[in-house]
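Working notes, beginning with the structure itself.
The values are calculated or read from the model by the stated rules, or taken from the named source; none is laboratory data. Note that the coordinates shown come from a computational prediction; the quantities given were computed from them, not determined experimentally. We place every Cβ from the backbone using ideal geometry, glycine too, and count neighbours over all the protein chains shown.
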Amino acid sequence: GTEERPNSPASRCVSLKSDQSDLENKMIVFIKHELDMFKKFLRKENTSYYGDVREDMWSIKETALDMALYFLNLMEQKDLADALLALIGFQQSALRSNLCKKFHRVCEGIAKQGESNTLNKIYTDLYMTTAGSGQMNKQNEVTQIEKAEKSQMEQEKKIECNSMFEPLPEEDKPRTVVTQGVAGIGKSICVQKFILDWAEEKEHQDIKFIFPLPFRELNLEKKVHSLKDIIYNFFPKVKGLRFTDRYKVLFIFDGLDECRLPLKFHENEKVTDASMPAPLDTILTNLIAGNLLPSALIWITTRPAAAAKIPAEHVHRVTEVRGFNDVQKVEYFKKKIMDETLANKIIDHLKKSRSLFIMCHIPVFCWISATVLEGILRDSESEDIPQTLTEMYTYFLIFQTIQGDKKFNRQNASDIPWDPKEILSLAKLAFSHLEKNNLIFYAEDLESCGLDPNNITVYSGLCTQETSRFLGTVFSFVHLSIQEFIAALHAYVSLRNENKNVFEISEESKETKVIDVLKITVDKALESENGHLDLFLRFLLGLSLESNQKLIRGLLTHTGSSSDCQKDIVQYIKSKLEENPSPERAINLFYCLNELNDDSLVKEIQNSMSSGRLSQSELTPAQWHALVFVLLTSKKNLEVFELQKFIKSDECFKRLQPVVQEATTA
């Protein structure tokens, strides 16, 4: 007979029989081992089924569990199947441990190296209310704050952070909650406290798993994944977890305003299977809309202007974090500044400036003010005390520059140790992304502006960086207002040093006057629907003053004095007030006049009010706006507002509507 060749069909058949027998034995041994583990678990003899499992074993173990559950249900052994699902306890314990480590400490602002506090030690409930239906708030968020305390505080329902998913009287239990509030107001701290209470088994124990997924990290995920893979990627300790509707899961998406995904709710395909791969945008929209895991709870935090990215039909409750009221502002400085006399000096100074004291509604601004004023007011002889917003932020930049120099160069500089190249690169980054309404940046964004991502820690008082274990590093300014100030610095220094108008794309060289750029910025701010250039404009006008230019002289290569345009721009702003802008835009223009040290319109109205001549006068549009501004920034007038004290006319009622709406009693 013929010999069998090594690769002949006959030899392959013999080899296959041998391999098949070996494969069959291995599979039977594995299945028997898994069944034995399940039996021990159900008898409570084994508690380490999901202990140390090799990475390549997860999928096969999950398949074995799937088979066991399938056949138990087929045999109508539902109780045993449900008991076997309790294997989730191992992943739950691992997740709690991970979240405890991550969230139990917190830094206020930018703490010194190695300095932080335990969250439970410093946490204080912020004022939070249930709000409206999640429609976009088109006002600039600083403008929202600078209107006096809202009368709605009296009418809206106050809610505690821990009650976020509890039903209120006459309401169903919400599935999706959107919490809005301006940058730095405390949204992320509320989230952190909620998670920590769950991880420490103090609250929310009806929830089996909490998965915090910040948008700033999700932005970096470019691959197509299933929801299950995304969770495993962020939380590898829960591998093997089965996503079913049998136990409650909470997904927390922090920072919707930082989301760079389109979130096309009405265009994305429908996905109902947590194991089905799809683009991240599709996964998120289906999860929020309730197509994926309809029993899961969803909590989204956002700045007000971005709230409308989630269609109202998918939102069951909107809450709003309001920050500090006037009493809490005072308490903050007394806790922050150990020297009681110094704390009182800081409080007294801030109360003298209504615009500064109102900004202290934001906890981060309190930190900025304390940082600046603690050093200045400790020296009782000091005459240079910030009176305006621009001055406060300029001093803050100086303080952080000196701190960075001491920390990294070990120097005690007698003068400001400016590094113009680095600071102006940072300013370019701030401006280019303010125009795009971006609050977070990645390494490539920094590099495109000439910044080395590895050296950004030098500016740790201005910028933060967070490194995710899986998704890389993200950067942001400590607060939106710092980005707006540094963006204004870019615009002003570009104008003075390079004769460049940052709003013009053209590179051709032509003479650019300071007054022209200031006028263009006023116009752009007035045209903006959501007021995103309001604070930028205020800072730019402030930097145009000679007194503030002296503070940043180390950044200016042009040594001559700038053209005196203060009177011209004041007159231009007054002419814009005569054109009758919206109340929100008009209020910002009055704050702009504050930055320019001009209060002539305000004093004119105040004199008319105190002399009783107001009711007999016929007011111009600018004077009407001045009257509204005076009333809105006066706490006294907003407690009980009596319209009959003013001109009795339909025009008066129409003009003073913003005051009537804001007054506690009218």
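Points worth noting:
- Where helices (runs of 4 or more DSSP H) sit wholly within segment 255-352, those with at least 1 residues that are under 17 Å from Val224 (Cβ atoms) occupy 280-289.
- Residue selected from segment 333-376 under the condition surrounded by fewer than 21 Cβ atoms within 10 Å (Cβ to Cβ), at pLDDT 80 or above and among the hydroxyl-bearing types (Ser, Thr, Tyr), by the criterion farthest from the chain's Cα centre (by Cα): Thr341
- Flag for Ala289 being at pLDDT 90 or above, touching a helix residue (DSSP H, G or I) at 6+ places or on another chain (Cβ under 8 Å) and in the same structural domain as Pro174 (by TED's automatic domain parsing): yes
- Any chance Ile230 is under 26 Å from the mean Cα position of the chain (by Cα), in a helix (DSSP H, G or I) and of a type outside the set (Asp, Glu): yes
- Note on segment 568-593: residues that are part of a helix (DSSP H, G or I), closer than 12 Å to Ala622 by Cβ and among the polar types (S, T, N, Q) total 2.
- Scanning segment 147-167 for residues that are of a type in the set (A, V, I, L, M, F, W, C), assigned to a helix (DSSP H, G or I) and at pLDDT below 75 turns up just one, Met153.
- When residues of segment 227-274 are limited to those that are β-branched (Val, Ile, Thr) and touching a residue at least 60 places away in the same chain (Cβ under 8 Å), the one surrounded by the fewest Cβ atoms within 10 Å (Cβ to Cβ): Thr244
- Test result for Thr272, modelled with pLDDT of 90 or more and within 24 Å of the chain's Cα centre (by Cα): no
- Phe646 vs. criteria among the hydrophobic types (A, V, I, L, M, F, W, C), out of contact with any Gly (no Cβ under 8 Å at 6 or more places or on another chain) and at pLDDT 80 or above: no
- Residue list for segment 586-634, restricted to those being surrounded by fewer than 22 Cβ atoms within 10 Å (Cβ to Cβ) and of a type in the set (D, E, K, R): Asp598, Asp599, Lys603, Glu604, Arg613, Glu618
- Selection count where residues are modelled with pLDDT of 80 or more and either loosely packed, with under 13 Cβ neighbours inside 10 Å or out of contact with any helix residue (DSSP H, G or I) (no Cβ under 7 Å at 6 or more places or on another chain) (or both), scope segment 654-666: 1
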